[in-house]
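Written out below as structure tokens is the structure these notes cover.
The values are calculated or read from the model by the stated rules, or taken from the named source; none is laboratory data. Quick caveat, the model's predicted, so the values are computed rather than measured. Glycine also receives a Cβ, built like all others from the backbone with ideal geometry; neighbour counts cover every protein chain displayed.
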Amino acid sequence: MSTADHAAATTRRTNGTLADLWGSARRRAVWIVASACAMAALGGLFAVRQVPTYRATVELLIDPQALQIVGRGLSRQDAPAQVDFANLESQSLILLSAKLLDAVIAQLDLADDPVLTRGSPAGADRAVVALEALRKRIVVKRVENSFNFQLTVAYPDARKAAEIANTIAAQFFEVGTRDRIAAVRRASEALLNQLGDLRGQLNRADVAVERYRTEKGLIASGDTGLLVSQQLKDLYTQITAAETNLARLSSRREQVRQLRVPDGQVQAMPEADTSQVMVSLRTQYAQTIQELATLSRSLGPSHPQMIALAAQRAATARLIAAEADRIRRTIEEDLRRGEESLRQLRGRAERLIQNQTSSNQEGIRLRQLESEAEAIRRTYNLVLDRVKDLEQQQSINPSNSQIVSRASPPLKPSNTPAAIVVAAAGLFGAVLGLILGFLYDVWRGTITTVSGLGTAGAPVWARLQRAGRGDRHGSTEQALVTVARELRTRLAGRGQAVVVTVASDGLAAERLHAAETLADLLMRLGEPALLVPEQAHARLGFGDGPGTGAQVRGRTALLDPARGVERLVRPEIIVAERDVTRGDSWLSIPETSDAILLLVAPGRTTRARLERLLETLDGAGRFRAQGLLGLVAVQARRAAFPRWPAPERRPVPGRMRAA
């Protein structure tokens, strides 16, 4: 692979962005150091003039669930499994709200605090300015997966910072209590207004029920329903009793109709036994018969006593028959009255049934009115109970939120240490310097890397280290050995002496050293080479370089025992070095050269200048077409890399020819 192809492949493999940045960093190292020092000085000045800041922290427990006042235990058993974390997170906004902080500012007179009102515009409300400044000095953070909040206040005075933090915590609970009581009071007033409306609706509903009941005669009789229903029930009970009594009287009448009184004896019947007159007469009749039987043993039928007893018996029998007839008439009268009473009861029952039918239809409307009244009554009772509960809540605080730990004055300020401030400022300044240098190079079009050189239109054949202390000969030989071999191959078929010009834009030491090394490598590769310094160009007859006594070094040929003297007539390779910044003599390089090596240092030239220089050196384009124009990048020496030992120079037999 040729040097040009190798350089092109290297250019394709390089992205260039990071490399350009690194090249700018090396090129603008002074900018970076100056910027870092300036920013470090500003950081140190800021650290010295910085006002100490103390941070006081108060811890709050904010429980969204209230305590259970009624029932066993204080914890609520009906609490949901998932707590409303959105409501919990909103407490941090309440801690920073204007309603809360305005009370703190008024209590601590922070509107006249010079720390909070410093720099306020003329005519501005000092309370508003203090509020905005105080908000910037407060940090609220919720401890993860808990109900605890940490409120931190930053202030130049330690005691004042602790006082402000504790006042904010106390005002948070006071404002919360006032808001809760105000909300309960507003709810109670709204419910009282609603309660008055419900009371009026309930009264109107009850009056409508009673008026309708009175108009329709739907009088209730306790728990048994309407009076008509109760009357009908009682009436049917009386009808049943009357029918039973009528049947009994009918049976008694049949028994009385069959009643006979033979010889003053009455057949056994319940009525005869229950009548006192009948019992007395039957007793008297039995006694008279007994006396007649007793006296008939001693007296005859015509005896006056016997006649008197007979007459008495007959009179008693007549009385018994009259009493039996009276009992018969009484039973018949009772039967007639029972039939009449039953007929009247049935008539009343029929009339009540008719009234009951109309009452049922009217009762439907009555029940509707009663249902409406009952619904209003239930709502009224619920609202009344809620109003009583709210009255009790105004005097009871069920909140479980509290101050876990009060803020104490901090012992040390929380400012960043001065060393860290200076280091951070210096680092920022270095980065700023790097960015400014990179942007400046981009604006100018400066090529800062070797890969950037390869995009200018010519391949990079070698990379050299800039001249410095220490051995640089070995590294230069290693870089140019490939170039020497490539030139030897491309110029192998020459028929006359050829000139290889090593040109540069400045870099006199590096250019001379590269020319010496290239000539030496060509001689060591067996080619007759001649080094022509820039000062000897005028003496050799090409170019208008300065005429001095500089010696031309080199040799004409290398004796080869195998080929004899054929190599003695081989044309030599002349290595000339030229500075393109010295006069106009370098413009003749395309006409006086057969191959051109241009030394370029990344970071010291722009892309436009390099392209114009390559166009001038290339002439009609024959050098690049034949691969005889290439770039040699001169990089800054990296002291961190180990140096390879320079190969030992062995003397090459031959003879030097002076111009």
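Could you list, in sequence order, all residues of the range 104-121 that are over 15 Å from Asp157 (Cα atoms) and surrounded by 11 or more Cβ atoms within 10 Å (Cβ to Cβ)?
Passing the criteria: Val104, Ile105, Ala106, Gln107, Ala111, Asp112, Thr117, Ser120.
Tally time: how many residues in the range 126-166 are more than 27 Å from the chain's Cα centre (by Cα), part of a helix (DSSP H, G or I) and acidic (Asp, Glu)?
Count: 1.
Looking only at residues in the range 489-503 that are at pLDDT 85 or above and among the aliphatic types (A, V, I, L, M), which one is surrounded by the most Cβ atoms within 10 Å (Cβ to Cβ)?
The selected residue is Val502.
Please go through the range 397-423 and give me each residue that is closer than 25 Å to Leu60 by Cα and outside any loop (DSSP other than H, G, I, E, B), ordered by number.
Scanning the range 397-423 gives Gln402, Ile403, Val404, Ser405.
Taking the residues in the range 357-374 that are among the hydrophobic types (A, V, I, L, M, F, W, C) and surrounded by 13 or more Cβ atoms within 10 Å (Cβ to Cβ) as candidates, determine which candidate is modelled with the highest pLDDT.
Step by step, filter the range 357-374, then rank; the result is Ala373.
For (1) more than 22 Å from Asn415 (Cβ to Cβ); (2) without any contact (Cβ under 8 Å) to a residue 24 or more places away in the chain, each residue gets a yes or a no:
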{"residue": "Pro114", "(1), (2)": "no, yes"}
{"residue": "Arg118", "(1), (2)": "no, yes"}
{"residue": "Val128", "(1), (2)": "yes, yes"}
{"residue": "Lys136", "(1), (2)": "no, yes"}
{"residue": "Ser146", "(1), (2)": "yes, yes"}
{"residue": "Ala154", "(1), (2)": "no, no"}
{"residue": "Ala161", "(1), (2)": "no, no"}
{"residue": "Ala182", "(1), (2)": "yes, yes"}
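Kindly evaluate Leu610 against the criterion of being modelled with pLDDT of 80 or more and in contact with a strand residue (DSSP E or B) (Cβ under 6 Å, 6 or more places away or on another chain).
For Leu610, the condition - modelled with pLDDT of 80 or more and in contact with a strand residue (DSSP E or B) (Cβ under 6 Å, 6 or more places away or on another chain) - is not met.
Do you know which residues across the range 393-423 are farther than 30 Å from Ala154 by Cα and either in contact with a helix residue (DSSP H, G or I) (Cβ under 8 Å, 6 or more places away or on another chain) or surrounded by 12 or more Cβ atoms within 10 Å (Cβ to Cβ) (or both)?
If the condition is that a residue be farther than 30 Å from Ala154 by Cα and either in contact with a helix residue (DSSP H, G or I) (Cβ under 8 Å, 6 or more places away or on another chain) or surrounded by 12 or more Cβ atoms within 10 Å (Cβ to Cβ) (or both), then Gln393, Gln394, Asn397, Pro398 are the ones that fit.
Going by the structure shown, is Leu202 more than 18 Å from Ser90 (Cα to Cα), surrounded by 14 or more Cβ atoms within 10 Å (Cβ to Cβ) and modelled with pLDDT of 85 or more?
Here the answer is yes, as Leu202 does meet what is asked.
Consider Val139 carefully, then state whether it is modelled with pLDDT of 90 or more and surrounded by fewer than 16 Cβ atoms within 10 Å (Cβ to Cβ).
Criteria met by Val139.
Given the criteria in contact with a Leu (Cβ under 9 Å, 6 or more places away or on another chain), crowded, with 17+ Cβ neighbours inside 10 Å, free of Cβ contacts under 8 Å to residues at least 60 places away in the same chain and in a loop (DSSP other than H, G, I, E, B), does Glu527 qualify?
When the stated conditions are applied, Glu527 passes them.
Residues Val153, Val175: which one is outside the structural domain of Asp385 (by TED's automatic domain parsing), modelled with pLDDT under 90 and in contact with a helix residue (DSSP H, G or I) (Cβ under 6 Å, 6 or more places away or on another chain)?
Going through Val153, Val175 in turn, the sole match is Val175.
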